[in-house]
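**Student:** I have a structure here, written as structure tokens, and I will follow up with some questions on it.
The values are calculated or read from the model by the stated rules, or taken from the named source; none is laboratory data. Model, not experiment: these values are computed from the prediction. Note: ideal-geometry Cβ built from the backbone for every residue, glycine included; neighbour counts use all protein chains shown. Keep in mind that these areas ignore ligands, DNA and RNA; they rest on the heavy atoms of the full protein, side chains included. Shrake-Rupley method; radii C 1.70, N 1.55, O 1.52, S 1.80 Å.
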Amino acid sequence: MSISPDLLANAIVAGLLLGGFYAAVTVGISISFGMLDVVNIAHPAFIILGSYIAYFLHIKTGVDPIIIASLALPAFYLLGVAVYQVYYLSFERRGQESLRGLAFFFGLLFITEVSLILVFGVDYRYVQASYIGPSWRIGVVDFPLRMLIPCVFSLLMVASLQLYLTHTFIGRAIQAVAQDQGALRLMAADPIRIKRIAFGLSIATASLAGAFLIVIQPVEPSIGREYIGRIFAICVLGGLGSFAGMVIAAVTLGIAESLTATFFGPSWAPAVAFGILLITLAVRPSGILGQ
């Protein structure tokens with residue numbers, strides 16, 4: 001099969017931009033699953049909820065959906081704090097988080113999806129912005145702005161979180177809370193409070209990723225299911241709790257999916273992505289940058 005260099009270059013660029021978006025989608029799970037040991041299966045539901053909040057307020061006000069999502073971050077942070085508090089009181093405190101806690105998040109996933117269907121229906125919803133449609137062209141390569149802008153904001157969000165986690169007391173406590181809660185208490189830090197803050201951050205990032213998603217493509221309530229496998233695959237592939245590894249894994253899967261979809265058809269893309277995951281874990285079980 002003859003491969004056009006122009007087509008190959010565009011497929012790689014599309015994969016890089018897609019990988020940037022995948023990093024935004026995954027960073028919340030990297031916090032909750034990788035750092036807190038909380039298997040939040042409902043994470044994609046919060047992403048879609050963020051999409052619909054951005055859509056609804058965009059329709060009502062005409063404000064850019066990414067700006068709306070940025071202004072809504074405190075509300076989603078408080079939602080995450082509340083969800084974790086319920087999870088802790090109902091399951092974690094009793095030592096029942098392994099199975100019943102997982103069922104709790106499955107319940108949240110389906111409740112959120114059904115609620116969105118009842119309110120908005122099953123039709124695809126989309127937003128309008130000046131950068132949805134145009135592309136920058138450099139040589140033979142196109143940079144669709146609807147992909148480029150979410151990618152840039154995604155990487156800025158991940159970088160900001162990394163700085164927060166490494167340069168603040170709360171951030172370092174979040175990284176340590178799953179490893180040694182006794183040491184945290186000796187430093188006058190309440191592990192449960194730290195977990196509430198971290199989980200709130202994970203849900204806030206999910207809402208912003210939801211705004212990126214509805215900029216990239218139309219959404220409907222059940223579309224979040226498509227991302228459950230990808231999110232956990234990227235988190236594990238990169239190494240639990242490693243933001244740098246997560247970004248590398250996200251870009252790797254983005255490029256793999258783009259190349260596969262371009263040259264072999266979109267139906268093969270998920271299989272190739274998960275094949276990369278299995279091969280990597282067979283060679284390095286801790287992930288790309290896991291310890």
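**Student:** Membrane-span-like helices in the chain: DSSP H runs reaching 20 Å or more (Cα, own axis), mean Kyte hydropathy at least -1.0?
**Tutor:** 5-32, 43-61, 73-90, 100-120, 145-167, 191-216, 225-238, 243-263, 269-283
**Student:** Could you bin all the Cα-Cα distances of the stretch 6-78 into 10 Å bins starting at 0 and give me the percent of pairs in each, rounded to whole numbers?
**Tutor:** 17, 36, 30, 15, 1
**Student:** Under 37 °C and 0.692 mPa s, how fast does the stretch 97-207 diffuse according to Stokes-Einstein, given a Kirkwood radius computed over C-alpha pairs? Answer in µm²/s, whole number.
**Tutor:** Answer, rounded: 182 µm²/s.
**Student:** Hey, can you rank 117-125, 39-47 by average C-beta count inside 10 Å, highest first?
**Tutor:** For the peptides 117-125, 39-47, the packing ranking is 39-47, 117-125.
**Student:** Give the residue from Leu201, Ile3, Ile67 lying farthest towards the positive end of the charge dipole for the chain; charges sit on Cβ (+1 for Lys and Arg, -1 for Asp and Glu) and the dipole is referred to the Cα centre.
**Tutor:** It is Leu201.
**Student:** How large are Rg and Dmax for the stretch 10-168 when calculated on the C-alpha trace, in angstrom?
**Tutor:** Considering the stretch 10-168 through its Cα atoms, Rg and Dmax are 17.9, 60 Å.
**Student:** Then there is this: Can you figure out the FRET efficiency of Ile170 with Gln85, using R₀ = 22 Å and their beta-carbon distance, to the nearest 0.05?
**Tutor:** 0.80
**Student:** Suppose R0 equals 22 Å. What FRET efficiency, 1/(1 + (r/R0)^6) with r the Cβ-Cβ distance, do Phe264 and Asp142 give to the nearest 0.05?
**Tutor:** 0.60
**Student:** Take every Cα-Cα pair in the stretch 97-160 and report what % of them are more than 14 Å apart.
**Tutor:** When all Cα pairs of the stretch 97-160 are counted, 75 percent exceed 14 Å.
**Student:** Using a simple charge model, +1 on the beta-carbon of Lys and Arg, -1 on the beta-carbon of Asp and Glu, nothing else, what dipole does the stretch 142-271 show about its Cα centre, in debye to the nearest 20?
**Tutor:** 420
**Student:** Per-residue ellipticity at 222 nm for the chain, helices alone: DSSP H runs ≥ 4 residues times -39500 (n - 2.57), over residue total, nearest 500 deg cm²/dmol?
**Tutor:** Calculated from helices alone, the mean residue ellipticity at 222 nm is -24000 deg cm²/dmol.
**Student:** Among 128-138, 165-175, how do they line up by average Cβ neighbours within 10 Å per residue, starting with the highest?
**Tutor:** Descending packing order for the listed peptides: 165-175, 128-138.
**Student:** Next question. Modelling each spin label as a point 7 Å along the Cα-to-Cβ direction, I'd like the Leu71/Ala159 distance in nm, to one decimal.
**Tutor:** 2.6
**Student:** Follow-up. Of all the accessible heavy-atom surface of the chain, with the other protein chains kept in place and a 1.4 Å probe, what percent is carbon and sulfur?
**Tutor:** Carbon-and-sulfur percentage of accessible area, whole number: 67.
**Student:** How many Å² of accessible area per residue for the chain, probe 1.4 Å?
**Tutor:** For the chain, the per-residue accessible area is 46 Å².
**Student:** When every alpha-carbon pair in the stretch 159-291 is counted, what percent end up more than 19 Å apart?
**Tutor:** Counting pairs separated by more than 19 Å, the tail of P(r) holds 60 percent.
**Student:** How big is D for the chain, in µm² s⁻¹ as a whole number, if Stokes-Einstein is applied with the Kirkwood radius of its Cα pairs at 4 °C and 1.567 mPa s?
**Tutor:** After rounding, the answer is 66 µm²/s.
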